[in-house]
Amino acid sequence: WTANARMNAIPVADEDSDDLPLVRVRCYARRALHWRLDVAPLCAAYAAAFGAYALRPELEEVAVVGTPCLVLAHLLLFLATHWSVRVRCATQLYACPPARASLVCAEPASGAPRLCPLEREAAAPDAFFFTYHKRKYLLGAAGKGGGSPPCRQL
C-alpha cells in the first residue's frame, strides 16, 4: 500500500466479505487513434526514419540501424499494452469524469488492476455501474479534488 492508495480508498458497502475491497477506481475514455501515445509518436518516428533514408544519403547508415530499433520499440510497446493495464491506460486512454467515461480501471488491494466497461442505468441516466469479479458496483460522482470517484457494492 502506498500513501496515495490509502488516500484514494473507496468505501465498499460489504466489508465482511472474503474478497479484498477495491482500493482505487478511475474512469477513462478512449483516445482518438491519432492522439494515442502508441500511434502518433511512432508514426512521426517512422516518417523521420524514411525521410533520413530516402532524402539524406549521408544518414543512410543511421536509418538502416535506427529503423529496426524503432520497429523493436514499437513491438515492445504493443506487447506492453497487452500485458499491463497501467501502460494501456497511459497510452490509449485518458482520465475523465464518469459522465464521459466508457471504461473503469478497478484496482484491488492486492492483485492486478482490471479494465471494466462502465454502464449506465436505463432508469437513472446519472447512475453508472460496472461489474468486477461478478459483483456489481455503483459509481458515484468524482470528488472536488478530482480523485477517484467513490463506489459501493450492490
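Protection proxy ranking for 40-51, 25-36, using the average of other Cβ atoms within 10 Å per residue and placing the highest first: 25-36, 40-51. Taking a sphere under 11 Å around the Cβ of Leu139 and counting the other residues whose Cβ falls inside, with K and R at +1 and D and E at -1, yields a net charge of +1. Full extension of the chain segment joining Ala40 with Lys136 gains 31.0 nm, where the gain is 0.36 nm per residue of separation less the Cα-Cα distance.
Counting only other residues whose beta carbon sits under 14 Å from that of Val39, what net charge do I get with K and R as +1, D and E as -1? My count for the surroundings of Val39 gives +3.
The portion of the accessible surface of region 27-110 made up by carbon and sulfur, rounded to a whole percent, is 70 (1.4 Å probe; DNA, RNA and ligands excluded). Between the amide H of Arg24 and those of Glu107, distances stay under 5 Å, these residues lying 5 or more places away or on another chain, with hydrogens modeled in the peptide plane. In this label model, Ala48 and Thr67 are separated by 1.7 nm, measuring between points 7 Å along each Cα→Cβ vector.
Electrostatic tally near Ala127: other residues with Cβ closer than 9 Å to its Cβ, Lys and Arg +1, Asp and Glu -1, net -1.
A full extension of the chain between Ser110 and Ala124 corresponds to an added length of 1.8 nm, given 0.36 nm per residue minus the alpha carbon distance.
The values are calculated or read from the model by the stated rules, or taken from the named source; none is laboratory data. Because the structure is predicted, anything quoted here is derived from the model rather than measured. Neighbour counts are summed over all protein chains in view; Cβ atoms, including those assigned to glycine, are modelled from backbone coordinates with ideal geometry. Protein only, heavy atoms only, side chains kept; ligands, DNA and RNA dropped before computing areas. Shrake-Rupley method; radii C 1.70, N 1.55, O 1.52, S 1.80 Å.
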